[in-house]
Amino acid sequence: MELKNKVIWITGASSGIGEALAYVCAEEGAKVILSARRVDELNRVCTNCNTGKDNSLVLHLDLGDTEHVEDKVKEVVEKFGRIDILINNSGMGHRTLAVNTPTTVDRKVMEVNFFGTINLTKAVARQMQQQKSGKLVIVTSIMGKYGMPLYSTYAASKHALYGYFESLRQELFKDNISVLIVSPGFINTDVSTKLLKEDGSAYGIKSDAQEKGMSAKDCARGIVSAIKTNRNHKFVGKYEIFSVYVKQFFPKIFYKLMRKMTK
């Protein structure tokens, strides 16, 4: 698949992996729709994409607001006539012990990461069914394959996305719509600074693992490569992605390491 002139909608495009995806897709000659809650940051990213007004659209989107999703899809279709690729990249996390995590935080994480994502996906998928073509991309996490201490609900939301999009892939095959699940490891972004604490405030600290992680641009290139080669699944990261295989083949060692991390 070539991305030139493809209409690509990227959520969470105001920073991190989403911002990097916007630049890589623009470099490929795609028409980009950039969505997130922070419109000022989206405008900055759009300017940096240098695609021109005819080939880009800044679209405010809060995945916690499910009432206006259909209107957002209509706005995109009115401008570009179609949606070729949706990259679900928006999300949020927390850093709290499971038993101390308020239900309000649990629900907020699930509302954005799971329910908000699938609501947008369903609305876009219906448009793609009319077109008889399209690609849905979901950026999950290696924590969709296992849980880690202090990230229980975040991991749960990513596990849920795996199950949903694996099922959706089979349902939409007849409509010529494909699904790509991407599982990043530690990517060098500021996402850890935005993690919710028990009181709902931001954690505010960048983790060492992310500081040493793969660059957002390299991550974006890996995702775009998987899109172009029509992959079903893609792990993106450095050495940490091998933890999935450690869990599968050496579970005792894996869980021992997890317990050490808890301490």
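Derivation of every value follows stated rules applied to the coordinates shown; laboratory data play no part. Here the structure is a predicted model, which means the values were calculated and not measured. All Cβ positions, glycine included, derive from the backbone under ideal geometry; neighbour counts span all protein chains shown.
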Computed over segment 52-130, the distribution of all Cα-Cα distances in 10 Å bins, rounded to whole %, is 16, 42, 26, 12, 4
Options ASN88, MET143, ALA202, ranked by Cα towards positive dipole end of the chain, top entry (Cβ charges) | MET143
For the chain, with the dipole built from +1 on Lys and Arg beta-carbon atoms and -1 on Asp and Glu ones, taken about the Cα centre, which of THR117, PRO251, SER133 lies farthest toward the positive end?
-> PRO251
Would you please state which residues of segment 137-157 a label at LYS252 would reach in this model, taking the label point 7 Å out along Cα→Cβ and a backbone N cut-off of under 18 Å?
-> none
20 Å cut-off, amide nitrogen to a point 7 angstrom out along ASP199 Cα→Cβ, residues in segment 73-102 | 93-102
Name the long-range amide H neighbours of GLY134: under 5 Å, sequence gap of 5 or more, or other chain; modelled H, no Pro or chain starts.
-> SER178
Residue-averaged 222 nm ellipticity for the chain, from DSSP H runs of 4+ at -39500 (n - 2.57), nearest 500 | -13500 deg cm²/dmol
So, in Å, what gap is there between the alpha-carbon centers of segment 12-71 and segment 203-246?
-> 21 Å
Just how large is the dipole of the chain about the Cα centre, in debye to the nearest 20, putting +1 at every Lys and Arg Cβ and -1 at every Asp and Glu Cβ?
-> 960 debye
Rg (one decimal) and Dmax (whole number) from the Cα set of the chain, in Å, equal 17.9, 55
What number, in percent, do you get for the relative contact order of the chain if the mean sequence gap of Cα pairs under 8 Å and at least 6 apart is divided by its residue count?
-> 18 percent
Can you tell which of SER183, SER201, SER157 shows the greatest fluctuation in a Gaussian network model of the chain with Cα springs below 10 Å?
-> SER201
